[in-house]
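J.: Below is the structure I would like to discuss, written out as structure tokens.
The values are calculated or read from the model by the stated rules, or taken from the named source; none is laboratory data. Note that the structure is predicted; figures quoted are calculated from it, not measured. Using ideal geometry, Cβ is built from the backbone for each residue, glycine included, and neighbour counts are taken over all protein chains shown.
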């Protein structure tokens, strides 16, 4: 019994370390003590902030589209008339796909009293919805902010949050498909059940395909190693074209899908910009750089005094149509001239 | 201050994970990777039950049971089918990915307007701090809700730690510990070591499932990919804890695992606070674990000189 009692003292090292680190953390947070709310006033005419603005961009993981969106935000801020370093600072934080760290990051953002927080991707928005109630937040790169819990509709949402939905242009895709392949009846896509956005995208694609008189056949895929097999299986399901919806897994392993569709000569379409370069006949792609710039545009409205609650969520303002003529020739598909005229970019 | 409270709370919630890993990794010497799957399983079960209208407490208890079953399966694969320990963990972890998708029906369940264990912790603040919403601690204004979540989580973790300690001191618990230490000896005493391993892994994953359930309720959603890398986190906590304690008594090791988990989150918070390059985060995390592994050895050498 005596031993047990004295052994209590042996944890002192650990406790001491915890206390010391907590104190260091508090020390770095000392500016928030007795902090009076820093009320932001902007000179409307020249748009000069009353103090140096602190922005923060929180990202969940490293993926090509989140990098494009980040570049868009940086570019948008640079073009906003504010000067980096004198008018504002942008702090970019990335959780590298770790949800526990994401929680840490968002606590840190909450206690750092940023003037405005940008966020990309759905898990980030979900954690923000839970934890940040007063700092204005502008999100981007979220397929469906309503499902993520940011509000009940695009106009009725949490009062400090607004942003840009990057739901793919499935309506445009379905229409384009009918224009290029009027005889098509059935299309197919792979989807990733493990990604919320993938499931959502599949449903939306299904809806617009049905409107255009197309049936959608889907095959689930769970890892990039399975993509090739799954794509081959999809191509043998009597489909007229593969029209790949957007998600992280399939956009990373699109080349496997391309190989499968090339070996079975099933025409391939995509919804991410670089997929046309990777062998799709056409890609109807949201402009992810634009999605970052759109987020900055909303942020500027907030900085100029509008309440985030009054700003509805928006879709990305720009969609690109990219056509790959070489791929079209390979699949023996004739692309109508009016489609080529509409294209933002044609790869020869 | 918000950052500190958040880190402490997550650290405490994940200390259940650390305790689970401690049981499998240290008591049974069993590198159990099931953790990556069972933490998500706990979150999935809790979230889908809460959304379906069950009480949050019942949902949390069920997530413990779900983790318990998952761990038992790993144990059965290893003992009855003689599958290598690492491999049986991998098998169950892989299978759990599909199970988790089945349980949730989709890949992500938000819990924003639902009543959860954590929201009832929040509403408890009115009993602790009467009706003040914001509390002033040495100049920082802190939401009473967050503080009450931290306090109640701490109390619950302490209760769990004591229960675990007392359990491992019973005859059954002692037999379990002996199985990990010296299987031959304990078999000679007439204990079925296979049952002990199955039970131990079940208990370990039950705790991990519980940790997942609390974590999902704390962050407000369950996601099918949330378990990725959790085993590393749990191991890191256990190892940091051991480095701190430097002693092999059961009670101290349990306390060490909890302190390790809390310390790990605090270190991550500091790294974030000091504004290091976001791309280096994982590298720094690995650095922490490396230091924790090397520190005891270095200290010993230092003392000898």
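J.: Among what's in the range B:244-258 and is at the interface with chain A (Cβ under 7 Å from one of its Cβ atoms) and in a helix (DSSP H, G or I), pick the residue that is farthest from residue A:11 (Cα to Cα). Before the answer, list the steps.
T.: Initial filter on the range B:244-258 (at the interface with chain A (Cβ under 7 Å from one of its Cβ atoms)): B:244-245, B:247, B:249, B:251-252, B:255-256.
Now restrict to residues that are in a helix (DSSP H, G or I): B:244-245, B:251-252, B:255-256.
On the way: B:244: 8, B:245: 6, B:251: 10, B:252: 7, B:255: 8, B:256: 7 Å.
By that ranking, first place goes to B:251.
J.: Ok, one more. Tell me yes or no: at least one residue of the range A:197-204 is in contact (Cβ under 8 Å) with a residue 24 or more places away in the chain, in contact with a strand residue (DSSP E or B) (Cβ under 8 Å, 6 or more places away or on another chain) and either surrounded by fewer than 17 Cβ atoms within 10 Å (Cβ to Cβ) or outside any helix (DSSP H, G or I) (or both).
T.: No: zero hits.
J.: Further question: Can you name every residue in the range B:181-225 that is within 11 Å of chain A (Cβ to nearest Cβ) and without any contact (Cβ under 8 Å) to a residue 12 or more places away in the chain?
T.: B:219
J.: Looking for whichever is more than 14 Å from chain A (Cβ to nearest Cβ), under 19 Å from the mean Cα position of the chain (by Cα) and either at pLDDT below 90 or within 30 Å of residue B:73 (Cβ to Cβ) (or both) here; the options are B:155, B:151, B:159. Which one fits?
T.: Just a single option satisfies the conditions, and that option is B:159.
J.: When you look at residue A:172, is it assigned to a strand (DSSP E or B) and under 27 Å from residue A:221 (Cα atoms), yes or no?
T.: Spelling it out, it is not the case that residue A:172 is assigned to a strand (DSSP E or B) and under 27 Å from residue A:221 (Cα atoms).
J.: Further question: If we keep just the residues of the range A:128-157 that are in contact with a helix residue (DSSP H, G or I) (Cβ under 6 Å, 6 or more places away or on another chain) and in a loop (DSSP other than H, G, I, E, B), which is nearest to the other protein chains (Cβ to nearest Cβ)?
T.: That would be A:149.
J.: Report yes if residue A:239 is at pLDDT below 90 and surrounded by 22 or more Cβ atoms within 10 Å (Cβ to Cβ), otherwise no. Let's see the steps before the verdict.
T.: On the way: at pLDDT below 90: no; surrounded by 22 or more Cβ atoms within 10 Å (Cβ to Cβ): yes.
Here the answer is no, as residue A:239 does not meet what is asked.
J.: Could you go through the range B:226-243 and let me know if any residue there is more than 7 Å from chain A (Cβ to nearest Cβ), more than 19 Å from residue A:21 (Cβ to Cβ) and touching a strand residue (DSSP E or B) at 6+ places or on another chain (Cβ under 8 Å).
T.: Checking the range B:226-243: not a single residue is more than 7 Å from chain A (Cβ to nearest Cβ), more than 19 Å from residue A:21 (Cβ to Cβ) and touching a strand residue (DSSP E or B) at 6+ places or on another chain (Cβ under 8 Å).
J.: So, one more: If the requirement is being more than 30 Å from residue A:201 (Cβ to Cβ) and in a strand (DSSP E or B), which of these qualifies: B:69, B:83, B:90, B:135? Give the steps one after another, and end with the answer.
T.: Numbers: B:69 fails: in a strand (DSSP E or B); B:83 fails: in a strand (DSSP E or B); B:90 fails: in a strand (DSSP E or B).
Testing whether each residue is more than 30 Å from residue A:201 (Cβ to Cβ) and in a strand (DSSP E or B) leaves just B:135.
J.: While we're here: Just the residues that are within 14 Å of the chain's Cα centre (by Cα) and surrounded by 23 or more Cβ atoms within 10 Å (Cβ to Cβ), please, taken from the range A:274-289.
T.: Those that are within 14 Å of the chain's Cα centre (by Cα) and surrounded by 23 or more Cβ atoms within 10 Å (Cβ to Cβ): A:285, A:286, A:288.
J.: Name the residue that is surrounded by the fewest Cβ atoms within 10 Å (Cβ to Cβ), counting only residues in the range A:160-189 that are more than 14 Å from chain B (Cβ to nearest Cβ), touching a helix residue (DSSP H, G or I) at 6+ places or on another chain (Cβ under 7 Å) and over 28 Å from residue A:340 (Cβ atoms).
T.: A:160
J.: Among the listed residues B:286, B:261, identify the single one that is more than 30 Å from residue B:105 (Cα to Cα), surrounded by fewer than 24 Cβ atoms within 10 Å (Cβ to Cβ) and more than 9 Å from chain A (Cβ to nearest Cβ). Even if it seems obvious, please write down each step before you answer.
T.: Details: B:261 fails: surrounded by fewer than 24 Cβ atoms within 10 Å (Cβ to Cβ).
Criteria check complete, one pass: B:286.
J.: Right, another one. Name the residue, out of B:142, B:103, B:73, B:117, that is closer than 30 Å to residue A:220 by Cα and at pLDDT below 95. Can you show your working first?
T.: On the way: B:142 fails: closer than 30 Å to residue A:220 by Cα; B:73 fails: at pLDDT below 95; B:117 fails: closer than 30 Å to residue A:220 by Cα.
B:103 is the lone residue from the list that is closer than 30 Å to residue A:220 by Cα and at pLDDT below 95.
J.: Another question, if that's okay. From the set of residues in the range A:217-254 that are assigned to a helix (DSSP H, G or I) and free of Cβ contacts under 8 Å to residues at least 24 places away in the same chain, which is farthest from residue A:121 (Cα to Cα)? Even if it seems obvious, please write down each step before you answer.
T.: Filtering the range A:217-254 down to residues assigned to a helix (DSSP H, G or I) leaves A:227-235, A:248-252, A:254.
Retained after the next criterion (residues that are free of Cβ contacts under 8 Å to residues at least 24 places away in the same chain): A:229, A:233.
Working: A:229: 28, A:233: 30 Å.
If we take residues in the range A:217-254 being assigned to a helix (DSSP H, G or I) and free of Cβ contacts under 8 Å to residues at least 24 places away in the same chain, then A:233 is farthest from residue A:121 (Cα to Cα).
J.: Exactly one of these conditions fails for residue A:256: (1) in contact with a strand residue (DSSP E or B) (Cβ under 9 Å, 6 or more places away or on another chain); (2) more than 14 Å from chain B (Cβ to nearest Cβ). Give me its number.
T.: For residue A:256, the failing item is (1).
J.: Further question: I'm trying to understand the selection: among the residues of the range A:313-339, which are exposed (fewer than 14 other Cβ atoms within 10 Å of the Cβ) and closer than 26 Å to residue A:166 by Cα? Please lay out each step first, then the result.
T.: Initially, the range A:313-339 is screened for residues exposed (fewer than 14 other Cβ atoms within 10 Å of the Cβ), giving A:317, A:326, A:329, A:332, A:334, A:336-338.
Passing the criteria: only A:317.
J.: Next up: Check B:263, B:283 and return the single one that is out of contact with any strand residue (DSSP E or B) (no Cβ under 8 Å at 6 or more places or on another chain) and closer than 16 Å to residue A:14 by Cβ. I'd like the intermediate steps shown before the answer.
T.: Details: B:283 fails: closer than 16 Å to residue A:14 by Cβ.
The match here is B:263.
J.: Related question: Which of the numbered conditions does residue B:240 fail, given that it passes all the others? Conditions: (1) more than 20 Å from residue A:108 (Cα to Cα); (2) under 13 Å from the mean Cα position of the chain (by Cα); (3) not in a loop (DSSP other than H, G, I, E, B).
T.: (2)
J.: Quick one: residue A:80 ticks every box in (1) in contact with a strand residue (DSSP E or B) (Cβ under 8 Å, 6 or more places away or on another chain); (2) more than 27 Å from residue B:233 (Cβ to Cβ); (3) in contact (Cβ under 8 Å) with a residue 60 or more places away in the chain bar one, so which box is it?
T.: The one condition residue A:80 does not meet is (1).
J.: Determine which single condition residue B:19 fails, assuming it passes every other condition in (1) surrounded by fewer than 20 Cβ atoms within 10 Å (Cβ to Cβ); (2) in a helix (DSSP H, G or I).
T.: Residue B:19 satisfies every listed condition except (1).
J.: So, residue A:77, is that one under 20 Å from residue A:194 (Cβ atoms) and not in a strand (DSSP E or B) or not?
T.: Details: under 20 Å from residue A:194 (Cβ atoms): no; not in a strand (DSSP E or B): yes.
It is false that residue A:77 is under 20 Å from residue A:194 (Cβ atoms) and not in a strand (DSSP E or B).
J.: Right, another one. For residue B:113, which of the numbered conditions (1) within 12 Å of another protein chain (Cβ to nearest Cβ); (2) free of Cβ contacts under 8 Å to residues at least 40 places away in the same chain; (3) in a helix (DSSP H, G or I) fails to hold?
T.: Answer for residue B:113: the failing condition is (3).
J.: Only one residue in A:26, A:16 is within 11 Å of chain B (Cβ to nearest Cβ), assigned to a helix (DSSP H, G or I), surrounded by 13 or more Cβ atoms within 10 Å (Cβ to Cβ) and modelled with pLDDT of 80 or more, so which one is that? Spell out the reasoning first.
T.: Details: A:16 fails: surrounded by 13 or more Cβ atoms within 10 Å (Cβ to Cβ).
Result: A:26 is the single residue among A:26, A:16 that is within 11 Å of chain B (Cβ to nearest Cβ), assigned to a helix (DSSP H, G or I), surrounded by 13 or more Cβ atoms within 10 Å (Cβ to Cβ) and modelled with pLDDT of 80 or more.
J.: Further question on the same structure: What number of residues in the range A:110-127 are more than 9 Å from chain B (Cβ to nearest Cβ) and either part of a loop (DSSP other than H, G, I, E, B) or closer than 21 Å to residue A:25 by Cβ (or both)?
T.: Of the residues in that region, 5 qualify.
J.: Scan the range A:101-110 and give yes if some residue there is in contact with a helix residue (DSSP H, G or I) (Cβ under 6 Å, 6 or more places away or on another chain), under 19 Å from residue A:71 (Cα atoms) and touching a residue at least 12 places away in the same chain (Cβ under 8 Å), otherwise no.
T.: Scanning the range A:101-110, I find no residue that is in contact with a helix residue (DSSP H, G or I) (Cβ under 6 Å, 6 or more places away or on another chain), under 19 Å from residue A:71 (Cα atoms) and touching a residue at least 12 places away in the same chain (Cβ under 8 Å), so the answer is no.
J.: Another one. In this structure, is residue A:213 assigned to a loop (DSSP other than H, G, I, E, B), in contact with a helix residue (DSSP H, G or I) (Cβ under 9 Å, 6 or more places away or on another chain), assigned by TED's automatic domain parsing to the domain that holds residue A:267 and at pLDDT below 90?
T.: Numbers: assigned to a loop (DSSP other than H, G, I, E, B): yes; in contact with a helix residue (DSSP H, G or I) (Cβ under 9 Å, 6 or more places away or on another chain): yes; assigned by TED's automatic domain parsing to the domain that holds residue A:267: yes; at pLDDT below 90: no.
No; evaluated as a whole, the condition is false for this residue.
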